[in-house]
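The values are calculated or read from the model by the stated rules, or taken from the named source; none is laboratory data. In this text the structure is predicted, and so the values were computed from the model without any measurement. Neighbour counts run over all protein chains shown; Cβ positions are idealised from the backbone, glycine included. SASA here: full protein model, heavy atoms, side chains in, ligands and nucleic acids out. Shrake-Rupley method; radii C 1.70, N 1.55, O 1.52, S 1.80 Å.
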Amino acid sequence: MLEARNIAKSYASAEGPAPVLRDVSLTLEQGEFLAIVGRSGSGKSTLLNILSTLLAPDAGQVLYAGRDVTRLPEAELAALRRRDFAVVFQMHHLLPYLTALENVLLPFMTGLAPAPRDAVERARRCLDRVGLGGKHHRLPGRLSGGEQQRVAIARALVKEAAILFADEPTGSLDPATGREIVGLLQDLNADGLSVVMVTHDLGYASCARRVLRMENGAPACAA
Ligand SMILES: Nc1ncnc2c1ncn2[C@@H]1O[C@H](COP(=O)(O)OP(=O)(O)OP(=O)(O)O)[C@@H](O)[C@H]1O
Ligand SMILES: [Mg+2]
């Protein structure tokens, strides 16, 4: 479904280009749950951003459904992102003055995704799905950190994307709440959503069906 081939990426630094990813290849099958683990600075976020097309690699290819998406024109890339890919970050990036329901509807309000006729119904279902039935009209400030992350996941679900990319979705949560969020991602994966999750916590990574460990800019081993 998604395949990375020989990805390389450097960032400019005062001492010249600093390589972050040297030669990364991986595949994600449809319906898979892949965890990317590694120390801070090992290039996990860089890799996730390249896989989700938010960042272009210096070399190598990302193939989605058989097409090289690293060389697509910007308009096609934008269409792909809003249709097929959803992203959740460590910081949930909810808008504080919108209710949970309005935050979930955001992808449609901004034109990021074409609004279906049943957008509100769908948003309600997504909030119910992540366990927030009864809290649809709360502002983020009146939700706990874990509940806020659930809203962010519901917002990712509402587009019915094919792949959910999550970068340290448990990073700002206590361990028990973090496990709940990973459990939710597992449930969604069991329902058919493909998931790529970055985490530095091996405990959470063991929930994934496959683990890619990043070391010195390349996968160290796959379990
Ligand atoms: N935009 C950027 N410009 C320059 N250097 C960057 C940039 N983004 C990341 N880096 C550097 O690239 C390396 C890898 O960063 P990355 O964010 O991918 O690591 P990470 O594995 O996600 O780390 P963490 O677990 O701390 O989130 C780090 O050394 C970082 O300083
Ligand atoms: Mg990171």
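A few comments on the model shown:
- Using a Gaussian network model of the chain in which every pair of alpha carbons under 10 angstrom is joined by a spring, one finds that among Ala18, Ala86, Ala100 the greatest mean-square fluctuation is at Ala18.
- When the Cα positions of Gly41, Val69, Leu127 are compared along the charge dipole of the chain, Leu127 comes out farthest toward the positive end, with charges on each C-beta of Lys, Arg, Asp and Glu.
- In the chain, the DSSP beta bridges split such that about 55 percent are antiparallel, to the nearest 5.
- From helices alone, the chain scores -9500 deg cm²/dmol at 222 nm; the rule is -39500 (n - 2.57) for each run of n ≥ 4 DSSP H residues, then divide by the residue total.
- On segment 2-222, 51 percent of the accessible area sits on carbon and sulfur atoms, based on a 1.4 Å probe.
- Full extension of the chain between Arg39 and Val120 gives 25.1 nm of extra length, using 0.36 nm per residue less the Cα-Cα distance.
- Projected-area average for segment 2-222 over all orientations - Cα convex hull basis, square nanometres: 12.4 nm²
- Length-normalised contact order for segment 2-222 - Cα pairs under 8 Å, 6+ apart - percent: 31 percent
- Accessible area (Å², 1.4 Å probe, nearest 10) - Arg124: 80 Å²
- What segment 69-223 shows is 47 Å² of accessible area per residue, with the surface traced by a 1.4 Å probe over protein heavy atoms.
- Fully extending the segment from Asp191 to Asp23 would add 57.2 nm, taking 0.36 nm per residue of separation and subtracting the current Cα-Cα distance.
- Spin-label model, Ala56 to Glu74: label points 7 Å out along the Cα-to-beta-carbon direction sit 1.0 nm apart.
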